[in-house]
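Each remark here refers to the structure printed beneath this line.
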Amino acid sequence: MKNSEAVEAFVALGQESRLNIFRLIVQRGDIGLTPTQMIEKLGIPNATLSFHLKELVQASLLVVERQSRNLIYRPNVALVTDLSEFLLENCCSGKTCAIKRVNKKVACK
């Protein structure tokens with residue numbers, strides 16, 4: 001992953017409503033959510049939601065599929081995985097390590 005791709009994803013997630021939308025969609029995984037379902041859960045107006053979804057799709061964080069009359073939004077798992085790997089690439093001075101959580105902090109084994 002290039003720095004510019006990571007920056008684009010982080011910029012898209014750097015707004016609270018978009019982060020909330022993304023996290024909600026990630027919770028549904030490959031099932032995804034329709035805009036109507038997102039509006040019901042988050043209480044975001046339709047026009048505002050459309051703007052935020054467009055930004056997340058443009059940053060490749062979400063994929064969208066038309067099913068009949070509905071749009072289904074899902075996380076782009078490949079990009080999220082690449083982004084995670086990009087962030088941890090130099091963990092433990094570049095050595096292979098297993099990440100574990102210790103008291104809500106990440107530590108290398």
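The values are calculated or read from the model by the stated rules, or taken from the named source; none is laboratory data. It should be emphasised that the depicted structure is a prediction, and the values quoted were computed from it without experimental measurement. Note that we place each Cβ from the backbone using ideal geometry, even for glycine, and neighbour counts take in every protein chain shown.
Worth a mention:
- Matching residues, the range 29-61, being closer than 19 Å to E8 by Cα, touching a residue at least 40 places away in the same chain (Cβ under 8 Å) and either among the hydroxyl-bearing types (S, T, Y) or out of contact with any Asp or Glu (no Cβ under 6 Å at 6 or more places or on another chain) (or both): E55, L56, Q58, S60, L61
- Residue in the range 47-56 that is acidic (D, E) and either at pLDDT below 95 or out of contact with any Lys or Arg (no Cβ under 9 Å at 6 or more places or on another chain) (or both) present: no
- Identity of the residue in the range 24-55, basic (K, R) and touching a helix residue (DSSP H, G or I) at 6+ places or on another chain (Cβ under 9 Å), that ends up surrounded by the fewest Cβ atoms within 10 Å (Cβ to Cβ): K41
- Of the set (1) touching a residue at least 12 places away in the same chain (Cβ under 8 Å); (2) within 29 Å of S4 (Cα to Cα); (3) not small (G, A, S), all apply to V64 but (1).
- Any hit, the range 4-12, residues being exposed (fewer than 14 other Cβ atoms within 10 Å of the Cβ) and among the aromatic types (F, W, Y): yes
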